[in-house]
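Right, one structure below, let's go through it.
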Amino acid sequence: MSESLFDQASERLADAIAHVRISEDAIERLKSPKASLQVSIPVRMDNGSLKVFQGYRVRYNDLRGPTKGGIRFHPNVNMDEVKSLAFWMTFKCAAVNLPFGGAKGGVAVDPKQLSKFELERLSRGYIDAIADFMGVDVDIPAPDVQTNQTIMGWMVDEYSIIQRRLCPAAITGKPISMGGSLGRDTATGLGAFFAIETLLPLLKMQREQTTVAVQGFGNVGAAIADLLSKAGYRVVAVSDSKGGIYAKQGLDVPSIIRYKNSTRNFQAVYCQDSVCNIVEHETITNEDLLKLDVDILIPAALENQITEGNAHEIRAKYIFEIANGPVTPAADKILEKMGIVVFPDILVNAGGVTVSYFEWVQNRSGLYWTIEEVNDRLKQSMVAETLRIWAIAQQKQISMRTAAYVHALTRLSEAIEAKGTSDYYVQ
Ligand code: NAD
């Protein structure tokens, strides 16, 4: 496919514009990023050699507040991907009404090939390289694929060293001991869970009769599988980059998490000890998982998983996107014709950035919340915004994705109009 990821992301905007009253000024402002930075990060390796990694940070739009977005460590990271992810963050923050714009960052690296010390030097080097581009009121990074609390801890420490004062609010997703928020680690999964729970009665479904397949078993995939299975849904399949497992009767998700945490691989979980005897299971590929006949399919790995190449083979009734951009625009059209409803990433995975916002607020006020306060506020926000987007979709007879963009675009447009000068020129 010749279309870049950013071209695909921009198609979402074009689809939504047709359903919103929005000025030409606002459309122009949203078509390109405010600022993009590419940096070279020299890292001293453990064997004494020097290696230079490419890093990126894009601040897409800050009309609703400082920009916000995660940092990804993955070999395929490039400017097109980071720009697209920053675009999605802009719409996500607006869709759930956070006072933030959108950003994203990343380093082209396979972190699994680095020692812990090399990873720390790379993480600190990335912050050294982008320090003038970020800041508490400017741009606030957070974790994304293959980055975590520990890495955020190194990064916020490095930023504080550069600034010569403690700056906990400069990065979210930190360890609790450095000012992290309770509940941030499970927030994306829990936010998705609240969205699913809000929609379930509207879709006339019941938990116990609902089968689920989850692609990706990292920070968010494991969290949503766990939450759903504990709530009574039948999680029948999970997978990670090495492959997946399927059991018609439902999987024992807590055992898989325990096993994965201890071995970093879950394919063998059903050949271990007593778990082996609990349910029958099959080993499946990632491609098989996407094609399972389930009620809910949850892509929670990477972008571009459901494309025009495999969309015809999807048999799930509903797709909840926890990964960013797992369904391409071409696939969206095919799925819509097949009657498969897609609940979009900018709503479903917004729980992570919502609790990141809570973390930033707590750091700035110095008043820290209980886990109940964090989760209650997250629930309030996810339920309210899910219902608003559902109402727009029903009222305008458009897809949930277009409705989410319409909702976000309305808020972005108001901010753009408020700061613009078109009133002086247009009668
Ligand atoms: P992670 O690195 O913790 O996990 C990614 C998982 O996907 C791993 O289990 C990996 O093995 C698996 N994977 C990779 N390629 C795969 C493939 N082809 N098939 C199946 N599985 C594959 O990352 P994460 O933080 O869980 O993020 C996952 C997705 O969710 C990303 O798209 C990310 O942008 C999005 N997201 C994450 C957060 C967050 O708070 N972490 C918030 C919003 C959105």
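See the values below:
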item: Check on ASP240, at pLDDT below 95 and closer than 15 Å to GLY352 by Cα; result: no
item: Pick from segment 185-198, criterion touching a helix residue (DSSP H, G or I) at 6+ places or on another chain (Cβ under 7 Å) and open to solvent by less than 10 Å² (accessible area, probe 1.4 Å), ranking: farthest from GLY69 (Cα to Cα); result: ALA195
item: Residue count, segment 102-133 (criterion: open to solvent by less than 10 Å² (accessible area, probe 1.4 Å) and touching a residue at least 60 places away in the same chain (Cβ under 8 Å)); result: 4
item: Single residue of LEU202, LEU182 found to be under 19 Å from the mean Cα position of the chain (by Cα) and open to solvent by 30 Å² or more (accessible area, probe 1.4 Å); result: LEU182
item: Single unsatisfied condition, GLN54 versus (1) assigned to a strand (DSSP E or B); (2) closer than 23 Å to GLU414 by Cα; (3) more than 16 Å from the ligand (Cβ to nearest atom); result: (2)
item: Test: residue in segment 411-425 that is touching a residue at least 40 places away in the same chain (Cβ under 8 Å), surrounded by 15 or more Cβ atoms within 10 Å (Cβ to Cβ), part of a helix (DSSP H, G or I) and within 16 Å of the ligand (Cβ to nearest atom); result: no
item: Cross-chain or 6+ apart pairs with Cβ under 8 Å, segment 318-340 first and in contact (Cβ under 8 Å) with a residue 60 or more places away in the chain and closer than 24 Å to GLY218 by Cβ, then of a type in the set (Gly, Ala, Ser) and assigned to a helix (DSSP H, G or I); result: PHE320/ALA192; PHE320/ALA195; ILE322/GLY189; ILE322/ALA192; ILE322/GLY221; GLY325/ALA9; GLY325/SER84
item: Per-region count, segment 147-177, residues open to solvent by 60 Å² or more (accessible area, probe 1.4 Å) and either assigned to a loop (DSSP other than H, G, I, E, B) or not assigned by TED's automatic domain parsing to the domain that holds ARG64 (or both); result: 4
item: The lone exception for LYS112 - which of (1) within 20 Å of LEU302 (Cα to Cα); (2) among the basic types (Lys, Arg); (3) in contact with a helix residue (DSSP H, G or I) (Cβ under 9 Å, 6 or more places away or on another chain) it fails; result: (3)
item: SER10 being outside any strand (DSSP E or B), over 21 Å from VAL156 (Cβ atoms) and of a type in the set (Ser, Thr, Tyr); result: yes
item: Selected residue (criterion: nearest to the ligand (Cβ to nearest atom)) from residues of segment 277-314 that are more than 23 Å from the chain's Cα centre (by Cα) and over 14 Å from ALA237 (Cα atoms); result: GLY309
item: Restricting segment 316-369 to residues that are within 14 Å of the ligand (Cβ to nearest atom) and of a type in the set (Phe, Trp, Tyr), the residue that is nearest to ILE389 (Cα to Cα); result: PHE343
item: ALA222 being of a type in the set (Gly, Ala, Ser) and within 16 Å of the ligand (Cβ to nearest atom); result: yes
item: LYS51 being without any contact (Cβ under 8 Å) to a residue 40 or more places away in the chain and either crowded, with 18+ Cβ neighbours inside 10 Å or closer than 17 Å to ASP128 by Cα (or both); result: yes
item: Conditions (1) within 13 Å of the ligand (Cβ to nearest atom); (2) of a type in the set (S, T, N, Q); (3) not in a helix (DSSP H, G or I); number of the one not met by ASN97; result: (1)
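Quick grid of which residues meet (1) under 12 Å from the mean Cα position of the chain (by Cα); (2) part of a helix (DSSP H, G or I); (3) under 14 Å from VAL39 (Cα atoms):
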position	(1), (2), (3)
GLY69	yes, no, no
ASN76	no, no, no
ASP80	no, yes, no
GLY105	no, no, yes
LEU119	no, yes, no
LEU122	no, yes, yes
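Yes/no matrix, rows are residues, columns are (1) under 27 Å from GLN149 (Cα atoms); (2) without any contact (Cβ under 8 Å) to a residue 12 or more places away in the chain; (3) open to solvent by 30 Å² or more (accessible area, probe 1.4 Å); (4) under 22 Å from the mean Cα position of the chain (by Cα):
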site	(1), (2), (3), (4)
VAL220	yes, no, yes, yes
ALA223	yes, no, no, yes
LEU227	yes, no, yes, yes
ARG234	no, no, yes, no
VAL238	yes, no, no, yes
GLY244	yes, no, no, yes
GLY250	no, no, no, no
SER255	yes, no, no, no
ASN261	yes, yes, yes, yes
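The values are calculated or read from the model by the stated rules, or taken from the named source; none is laboratory data. Since this is a predicted model, take the numbers as computed values, not measurements. Every residue, glycine as well, gets a Cβ built from its backbone with ideal geometry; the counts of neighbours run over all protein chains shown. Note: areas computed on protein heavy atoms with side chains; ligands, DNA, RNA excluded. Shrake-Rupley method; radii C 1.70, N 1.55, O 1.52, S 1.80 Å.
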